[in-house]
Each structure stands twice: as structure tokens, then as C-alpha cells.
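The values are calculated or read from the model by the stated rules, or taken from the named source; none is laboratory data. In this text the structure is predicted, and so the values were computed from the model without any measurement. Quick reminder, even Gly has a Cβ in these numbers, built from the backbone with ideal geometry, and neighbours come from all protein chains shown.
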Amino acid sequence: MTRHHQAIPLQQAAQESPTFAHLSKLIRASSDRLQAIRGLLPAPLRASVQAGPLDEGCWCLLVSSNSVAAKLRQLLPALQAQLTQKGLAVTSIRIKVQKRQG
């Protein structure tokens, strides 16, 4: 007997798998938080900040350099206040500098 496998879209696979559905929900929640604070980030830094993992109320921001991390640390109270105001509160925000590849 020959089995034919058909490719399905990632969205459909995510909906049909509890693990992927949970992961997809976390990614969406992290992205929503980044959108909520984007306006508070200085324009030159916006491209250097990415949404990272969201785990048990702790949200991680991934940044490109130590200088971007230092500036974000100064903004943490305002970022947390903005998230709370938008109904996206987190218990803490971590900032992680991504290592350059190459």
C-alpha cells in the first residue's frame, strides 16, 4: 500500500498540533508586546530590537549590541508601564544581546 503525503500550510499544522499551537500563541504574544512598545523605542534603535521568548511572565528582548541594551535598560520602567496600560503586562523584561554570527 502506498501512502501519499500532502504538504499542509504551517498555520494548519500549528492549529492541529497542541505543541505547535502553544508555541504559535507564545510567538504571537511576544510580537504583540513588541508592537505595543515600539513607539517608545528611539527610532534609530527600533531595527536593533526583536521580540524574544515569553515564559511565565518574563519577556525577553533580543538586541544587537551592548549599547542598545544599555539604552533599553533605562527605558524599562516606561516599557513595563506601556505593556500594563495595553493589557499585556509581564512580571519582568530581560534584555539579551545576540551574538553576531560570522
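Can you name every one of the strands (runs of 3 or more DSSP E) wholly within the range 15-101 that holds 1 or more residues which are among the aromatic types (Phe, Trp, Tyr) and within 15 Å of the chain's Cα centre (by Cα)?
The strands (runs of 3 or more DSSP E) meeting that bar are 58-63.
Does the range 56-67 contain at least one residue that is aromatic (Phe, Trp, Tyr) and at pLDDT 85 or above? If you could, list the steps in order and put the result at the bottom.
Start the filter on the range 56-67 by keeping residues that are aromatic (Phe, Trp, Tyr), which leaves 59.
After this cut, where a residue has to be at pLDDT 85 or above as well, the list is 59.
Scanning the range 56-67 turns up at least one residue that is aromatic (Phe, Trp, Tyr) and at pLDDT 85 or above.
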Filter the range 6-20 for residues that are surrounded by fewer than 13 Cβ atoms within 10 Å (Cβ to Cβ) and aliphatic (A, V, I, L, M); which is modelled with the lowest pLDDT? Leu10
Could you list all residues from the range 43-96 that are surrounded by 14 or more Cβ atoms within 10 Å (Cβ to Cβ), farther than 17 Å from Asp32 by Cβ and touching a helix residue (DSSP H, G or I) at 6+ places or on another chain (Cβ under 7 Å)? Leu45, Ser48, Val63, Ser64, Val68, Lys71, Leu75, Ile95
